[in-house]
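Student: Quick one: the structure is below, and I'll ask about it shortly.
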Amino acid sequence: MHRVALLLCALMFPLSGLVAQERSSAVEGRVVDEITGEPVPAVRVEVRDREGRPVTATSTDAEGRFAISGIPAGTILLHLERIGYRETTSEPQRIVADETLVLTLRIRPQAVVLAPFEVGGATLRPRAGISGFRDRAALSVGGHLLTEEEIRARAPGRVTDLLQGIPGLRVVDGPGLGRTDRLVTMAWSLPGHAGGRCPIQLFLNGAPIRPHDQLRGIGGLSPVDGVRVDHLAHPSALVGVEVYTDPASIPPEFRMPEAGCGVIALWTR
């Protein structure tokens, strides 16, 4: 009987040690602009160990929230990255097993150097222009790109017909703008949190445009409610369409603070 009891004890102690090793923690919170205090979406939040080695990562939603679980208990660093902001690493944070660390992190805006621009006629275009689009389409790296041939094959009635079905985008009727005036929104969500939406930056022939101003005061809409694209060009005039729903895939010529959530670029004759 005593031998059985001793054997059981010997088996239990290693098991309890193993369970302790598997216990983990979580960290969640918000990332806000250091100057304005406003939440910052599409920030890459990377958890690093005390030596600075990456452990896991996620991105903030439309309200600047993030949540990461399964982190080994101990000391961690949180590294923040986003286009238009300075890379930031937090002070060392101590998290306890089976507990959730809640933080508010601040990130400072930083000017983004854009590709050189040339003025030709009435249109402002990056130096690469349409040739840059054709190079990206040939490489088929990142984003969703439609060439002139693909656009013609689809025979769209309007631009939003081309955007229907692209992962990460939603095309909806614009409330207060009339059912024929569609809005394009970009979904953003985190596990355990309700889905959110992010602003989209539009480009026409390489020049950034700011359609959000057209929505102010119309039906209570804001930039995250969507952007209007059908009025920018008729499908028969399009020679290319680029859609980037992952901030990491946005080409350098389209990178600007307003493009943190995604980009839709139209190219016309």
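Student: Tell me whether segment 140-148 contains one or more residues that are surrounded by fewer than 14 Cβ atoms within 10 Å (Cβ to Cβ), modelled with pLDDT of 60 or more and not in a helix (DSSP H, G or I).
Tutor: To start, the set of residues in segment 140-148 that are surrounded by fewer than 14 Cβ atoms within 10 Å (Cβ to Cβ) comprises 140-141.
Then keep just the ones that are modelled with pLDDT of 60 or more; that gives 140-141.
Right, trim to not in a helix (DSSP H, G or I) and you get 140-141.
Yes, that holds for at least one residue.
Student: Mind checking which pairs have a first residue in segment 67-86 that is basic (Lys, Arg) and a second that is crowded, with 16+ Cβ neighbours inside 10 Å and not in a strand (DSSP E or B), Cβ under 7 Å, 6 or more apart or different chains?
Tutor: Hits for this filter: Arg82/Val40; Arg82/Ala42; Arg82/Val43; Arg82/Gly260.
Student: Checking Ser59 against (1) at pLDDT 90 or above; (2) within 24 Å of the chain's Cα centre (by Cα); (3) polar (S, T, N, Q), which single condition isn't satisfied?
Tutor: So Ser59 meets the others, but not (1).
Student: If you go through segment 66-88, how many residues are more than 17 Å from Gln110 (Cβ to Cβ) and surrounded by fewer than 18 Cβ atoms within 10 Å (Cβ to Cβ)? Working first, answer last.
Tutor: Step one: list which residues in segment 66-88 are more than 17 Å from Gln110 (Cβ to Cβ), which gives 66-78.
With surrounded by fewer than 18 Cβ atoms within 10 Å (Cβ to Cβ) added as a condition, the list becomes 69-70, 72-75.
Total meeting the criteria: 6.
Student: So, Val47, is that one over 21 Å from Gln201 (Cα atoms), surrounded by fewer than 17 Cβ atoms within 10 Å (Cβ to Cβ) and β-branched (Val, Ile, Thr) or not?
Tutor: On the way: over 21 Å from Gln201 (Cα atoms): yes; surrounded by fewer than 17 Cβ atoms within 10 Å (Cβ to Cβ): no; β-branched (Val, Ile, Thr): yes.
So Val47 fails the test.
The values are calculated or read from the model by the stated rules, or taken from the named source; none is laboratory data. Computed from a prediction, not measured in an experiment: that's the story for all the values here. Methodologically, a virtual Cβ is constructed for each residue, glycine included, from the backbone with ideal geometry; neighbour enumeration extends over all protein chains shown.
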